[in-house]
Every structure is written in C-alpha cells, then in structure tokens.
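See structure below.
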Amino acid sequence: MNVKSMASIQEKFVRKTGQAGPDYSAGVASPRADWEQASKAAEANYESGVQAGIAKKRFGKGVTKAGTAKYLRGAQEKGVARYPAGVAAGAGDYATGFEPFRSALASTTLPPRRARRDPGNLTRVAGVVAAMIRTAESQGR
C-alpha cells in the first residue's frame with residue numbers, strides 16, 4: 001500500500017486543523033445531539049471503558065509510553081500560553097463552583113487556636129474538613 005510520509009501527513013494535519021476553527025465553532029453551536037443528554041446516555045459505556053482500562057493498567061502504560069519529556073514539552077509549548085486565557089475564560093465558572101465552599105468556610109466557627117504544636121489545633125482542621133465534606137455532598141459531589 002502506498003502511504004505518504006509521516007512528515008507529509010503531519011504537515012497536512014497541522015495545515016488543515018489550523019484552518020478548522022470556524023468548523024469547530026459551527027459544530028459546537030449546532031451539534032447533532034445535545035451534549036448533556038448524549039453524555040448521560042453514554043454513562044454505562046464510559047464506566048465500562050474506564051473499568052477495562054483499569055483492568056489492563058492502561059493509565060500507567062500510557063504514562064510510561066509518553067514519559068516525562070513529552071509531558072514537559074507539552075506543558076511548556078502549549079500549556080504556558082493557554083493557561084492564562086483558560087483561567088480567564090473560566091473565571092465565572094470557578095466563582096460559581098467555589099462560592100458554596102467559600103460560604104461554608106465563612107460560616108464555620110472554629111474552636112480557639114491553641115499553642116503552637118498543640119495537638120488540640122487539629123480540631124480546627126477537623127472543623128474545616130467537616131464543613132468541606134458537608135458542602136461537597138450537598139452539591140452532589
């Protein structure tokens with residue numbers, strides 16, 4: 001079978017994908033199926049796939065195959081540039097998601113602080129942990 005070189009395939013991938021922004025936007029705006037409904041309908045398939053991956057130890061194998069060098073290269077070449085814009089774009093969602101936890105912390109009354117290294121200070125930690133667990137569970141998490 002006659003197959004193009006990897007360099008040719010790679011070049012075409014970058015060129016065509018780089019021009020696909022409008023197609024991507026149109027697909028997101030007018031999907032064939034509602035994302036939420038389709039995702040919920042696929043939950044059993046997701047669970048099955050995750051369990052199969054766990055059974056075959058695919059996560060660790062993928063990490064080993066990629067290696068630290070690939071992770072670092074991707075983080076430096078893509079992540080550094082995208083991180084600030086992604087954080088800015090998600091600021092409203094962050095605030096919405098964190099607000100119940102902020103409110104829980106603000107309304108938590110902690111026992112008095114004790115002397116440094118006093119094990120009794122752990123009751124303060126336990127109070128924060130309990131508030132966070134209650135809030136997470138009340139949010140369905």
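Before we move on, is Arg124 over 28 Å from the mean Cα position of the chain (by Cα), charged (D, E, K, R) and part of a loop (DSSP other than H, G, I, E, B)? Judged against the criteria, Arg124 is not a match.
Specify which of the listed residues (Thr108, Thr17, Thr68, Thr64) is polar (S, T, N, Q) and either in the same structural domain as Gln139 (by TED's automatic domain parsing) or part of a loop (DSSP other than H, G, I, E, B) (or both). If you could, list the steps in order and put the result at the bottom.
Details: Thr17 fails: either in the same structural domain as Gln139 (by TED's automatic domain parsing) or part of a loop (DSSP other than H, G, I, E, B) (or both); Thr68 fails: either in the same structural domain as Gln139 (by TED's automatic domain parsing) or part of a loop (DSSP other than H, G, I, E, B) (or both); Thr64 fails: either in the same structural domain as Gln139 (by TED's automatic domain parsing) or part of a loop (DSSP other than H, G, I, E, B) (or both).
Result of the check over Thr108, Thr17, Thr68, Thr64: Thr108.
Is it the case that the range 83-95 has a residue that's in a helix (DSSP H, G or I), among the charged types (D, E, K, R) and surrounded by fewer than 12 Cβ atoms within 10 Å (Cβ to Cβ)? Yes, the range 83-95 contains a residue that is in a helix (DSSP H, G or I), among the charged types (D, E, K, R) and surrounded by fewer than 12 Cβ atoms within 10 Å (Cβ to Cβ). Take the conditions (1) outside the structural domain of Gly140 (by TED's automatic domain parsing); (2) farther than 30 Å from Gln139 by Cα; Ala33 misses just one of them, which is (2). Quick check on the range 77-93. Is at least one of its residues more than 18 Å from the chain's Cα centre (by Cα), without any contact (Cβ under 8 Å) to a residue 40 or more places away in the chain and more than 30 Å from Val129 (Cα to Cα)? Yes, there is a match, as at least one residue in the range 77-93 is more than 18 Å from the chain's Cα centre (by Cα), without any contact (Cβ under 8 Å) to a residue 40 or more places away in the chain and more than 30 Å from Val129 (Cα to Cα).
The values are calculated or read from the model by the stated rules, or taken from the named source; none is laboratory data. Given the structure is predicted, the values throughout are model-derived calculations rather than measurements. Positions of Cβ are generated from backbone atoms using ideal geometry, with glycine treated the same way; all protein chains shown enter the neighbour counts.
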